[in-house]
Every structure is written in C-alpha cells, then in structure tokens.
Amino acid sequence: MAGNKVAVEISKELYEKAAKFIEENGGFKDVAELVEFLLQEAIASEDEGVELSPEDEEKVKERLRSLGYI
Amino acid sequence: MVPRPHGGRLVNRVLEGRRRELFLSEAKELPRLEVNIERAIDAEDLAKGVFSPLDGFMGREDYLSVLEEMRLQNGLPWTIPIILDAGRDELTGVREGDDILLSYGGIPIAVLTVEEIYSWDKKLHAQRVFKTTDPNHPGVEATYARKELLVGGRIELINPPPNPLERYTLWPIETRVLFKEKGWRSIVAFQTRNVPHMGHEYVQKAALTFADGILIHPLSGWKKRGDYRDEVIIAAYEALARHYYPEGVIVLSVLRMNMNYAGPREAIHHAIVRKNFGATHFIVGRDHAGVGDYYGPYEAWEIFKEFPDLGITPLFVREAYYCKKCGGMVNEKICPHSGEHRVKISGTRIREMLKRGELPPPHMMRPEVSKVILEFDNPFVE
Ligand SMILES: [Zn+2]
C-alpha cells in the first residue's frame, strides 16, 4: 500500500458489483479508483480545487456586480 | 453541489503584477511565434482554466493518448486535442526547455515553455477526431491547413487576445463564485450557436424545472457565412430572458472557444468544459456539434456511456415540436400524436423568414425575440 493511502472495508458483495461495473463500463482502473471518485463527488466542498484568496474573490464579485450578474 | 474542476484543480496561468512586468521586459528577447486567432483563443482558454487540468498545449504522449483512448495519459477523460502547430522554419534554433513568446497581431499573448517538439499524422488525427479524412469536413479542412510540427508545453498568459464581447465573457472562476453567491447547487449548462426558438426554450425549461439555474453559454469565435452574429444571439437571449424567464434563474455568458464540428467527441469536450465552469448538468442535443451527415443523430448521446467518470451529468433532451393536439411544445417522449399533428420547429425556416425581414409565427419564435433580431441591419455573418 502506498504511503498516503488507507484501507477502507466495504462488503464483498458491493465490491464484486463494483468490479463488474468497471468491467462493463470502463472509466476506472480498479474498485479503489471508483470508490475514491464517488466519495469525492459526494463530499467535495464548493471551493475544492479552486485557489482563491478572499481579496481575489472580492475582485471577482466586484466584476460580477459591475456587469449586473449579482 | 458545484463540481470540482476536471482533474481536481482549476488552472490559473495568468501572469499578474511584477511577474508579468518581468516577462514583458524579457519578451523582446525571446524567440517569437506568431499564432492565429484560434491558437490565441486556446492560449487564453488554457490560462483561465477552461481546459483544466491542462495548463498548456499537449505533448506527444497526451496527444496520442487522446487520439487513441479519448483520455489523457493519466486516464482522465479528454476527447479533443489542444495542440499548437508551427512550421519547421518558425522553430529554427528553438530547443526543448526554451521559453518562446506567442504573439497575435504583434501583441505578446503568452510565454510557452517548450517541453516537446514533435511531428503528427494529420490523416490519423482527422480519422480519430472527426471519424473521417474527407477534406470537405470543416474540422478536417482546418486540420489539413495546419503546420507540420506540434509544440507542447505549459503557457503563461501575458495579454488576452482582443475580445469584442468582453462585457459578456465570464471565466470559470467567475461563474463558480457567481453560482456560490446565488446558492445554486444544480446548474444546467446549455451550449448554443443560435438565436433561441421555441424548441430551445422548451428544452431549457424542461431542464430548469428540476435545476436551480441555467447557464446559457453561446460559443463565440470563428463563424461561417450565414451564421447569426454574436451580438444578435446575445440580444435575442436577453429579450427571451426579459419576457419569458423569471428573475434570477438564467446566467447568460459568452464562451470564446474554438468549434471543431467533431460531433460525439466534441459533445464530451463541451461537457468537460462546462464542468470547469461549475455546471452539474449539460444538455446534449441531437447531433450535437455535428456537421453534414458525418455522424449518426444519436452518436453524441451514445458516447457518454464510455465515460462513467466524467463528473458532469449529460441530459439528453429530445427535440421539441409543436403539437396541435397537445396544444403546446412537446417531444416524442411525452406526446402520443402522429406526424400530421406535429409542427417541426425548423431553424432553417426561421432563418429564411428572418432573412426576408418577416416575423416567424409565434409557435416557432417569440415575437419579442424575432423583433430584436430584425432590428439589426444585418443579423448574419457576411
Ligand atoms: Zn401531441
């Protein structure tokens, strides 16, 4: 196991279903990747992956206001 | 919930402040590569996160992986190559690792750190991306006209190319802040290159019925003769929004991005791009981004099956028509009546009527919209 990974237990039945899903649909290397993707989708916060300082966010809002979007 | 950017991180490669000054002063010394407007637009789209996680023009491995697998080397869905072409003579003395200046009309646009210079097989490219090598296909024609080498490398934007529609242009960071501010959690994006007729309005409203808001996202940029001008499309949508949408459910903003007419592959590309703008759903039309009869009518829907890991939900809304029996706009899924009761809303017919200066009938186009279009001296590209 890679240093920055942890193990999570899921039911065998669900695991097998997931493996079958990947076999049929592709898109994921393995069940771990699918689980990680779905978890990300479910719990990601709005700002995740978006770096924006409060000052820059204010600048963005200013432009949006001046254009009448907010 | 506003989705994470494609690949997990929104790219920002815009030079600002002192760093920009520094690059500008250095720029004069750098080898210069003059690019056309399409590549200048690509550079700005890259720098402002439209193509996240890409932060530059593709190198060979990613390029070939996109051609063959419709994925980047790391497995992430990606269907349209974002590549910079150059002539051998333009790259004399340029080596991998060098910085070069991309300019457009003499204006410095971006600095590109050359990671790789490689050759490409245009026929293979055409076959994979456009599913044809027929030079009559506009995307294939444009491909064949490009130069013999490709240059891969990260870019940093110095100046955006001039944009006559800047007032209507929002970038991914801006729509994301806007959606958050509005408290929208489900956002449908609608791609268009047309003025809205009743069929479009129906599709948008069908989607809006369950979503918090809709991003009407006309694609501006290169146009062919007879297309509606960008200002006309914007004015027409403003009229539609004013008269037929409640306050606060529409965001109308222009996206300047190159159109390839790559049908199914481009439908995926359009969806990925809208995910970067913060949309959760994307409306995929019948024959989306198609041209002529190069693609089957539902190919652009079927391709989504290959991408369970896209991270944005496609909405396949059927074409709408007016049904005399139902007494309104419907589609095949919700109307049982036969052809004789159906009135097809034809964009071509509407265009012909507008060209003659006539108002299309109200079941085809809202009169408020038609009138705004007819107020323009010439609504079409010459
Ligand atoms: Zn009917």
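Derivation of every value follows stated rules applied to the coordinates shown; laboratory data play no part. Everything quoted here is computed from the prediction, not taken from an experiment. Note: ideal-geometry Cβ built from the backbone for every residue, glycine included; neighbour counts use all protein chains shown.
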Fraction of antiparallel bridges per DSSP, chain B only, in percent to nearest 5: 60 percent
Given charges at beta-carbon only (K, R positive; D, E negative), |dipole| of the range B:98-156 in Debye: 340 debye
Inter-centroid distance (Cα atoms) of the range A:21-70 relative to the range B:1-50, Å: 21 Å
Fewest-first sequence of B:MET58, B:MET70, B:MET198 by Cβ atoms within 10 Å of each Cβ: B:MET70, B:MET198, B:MET58
Among B:PHE190, B:PHE130, B:PHE23: highest mean-square fluctuation, GNM of chain B, C-alpha pairs under 10 Å: B:PHE23
B:GLU16 versus B:THR348: modelled label distance in nm, points set 7 Å from Cα along the beta carbon direction: 4.9 nm
Ranked list, fewest to most other Cβ atoms within 10 Å of each Cβ, for B:THR169, B:THR92: B:THR92, B:THR169
Expected 222 nm ellipticity per residue - DSSP helices of 4 or more, -39500 (n - 2.57), all of chain B, to 500: -9000 deg cm²/dmol
Antiparallel DSSP beta bridges within the protein assembly as shown, as percent of all bridges there, nearest 5: 60 percent
Label-point separation in nm, B:THR133 to A:GLN40, each point 7 Å along Cα→Cβ: 3.7 nm
Size of charge dipole - chain A - debye, nearest 20, with Cβ of Lys, Arg +1 and Asp, Glu -1, no other charges: 140 debye
Dimensions (Å) - the protein assembly as shown, Cα atoms, principal axes, largest first: 67, 63, 50
FRET E, pair B:HIS341, B:GLU181, Förster distance 41 Å, beta-carbon r, rounded to 0.05: 0.35
The range B:6-157: relative contact order in percent, alpha carbon pairs under 8 Å with at least 6 residues between: 29 percent
Relative contact order (%) - chain B, alpha-carbon pairs under 8 angstrom, separation at least six: 18 percent
Charge context of B:MET364, other residues only, Cβ under 10 angstrom, K/R +1, D/E -1: +3
Prolate/oblate/rounded label for the range B:166-374 (Cα gyration tensor, a/c 1.5): rounded
Residue order, fewest to most beta carbons within 10 Å, for B:SER186, B:SER52, B:SER25: B:SER25, B:SER186, B:SER52
Student exercise, the range B:166-374 dipole from Lys, Arg, Asp, Glu Cβ charges, in Debye to nearest 20: 340 debye
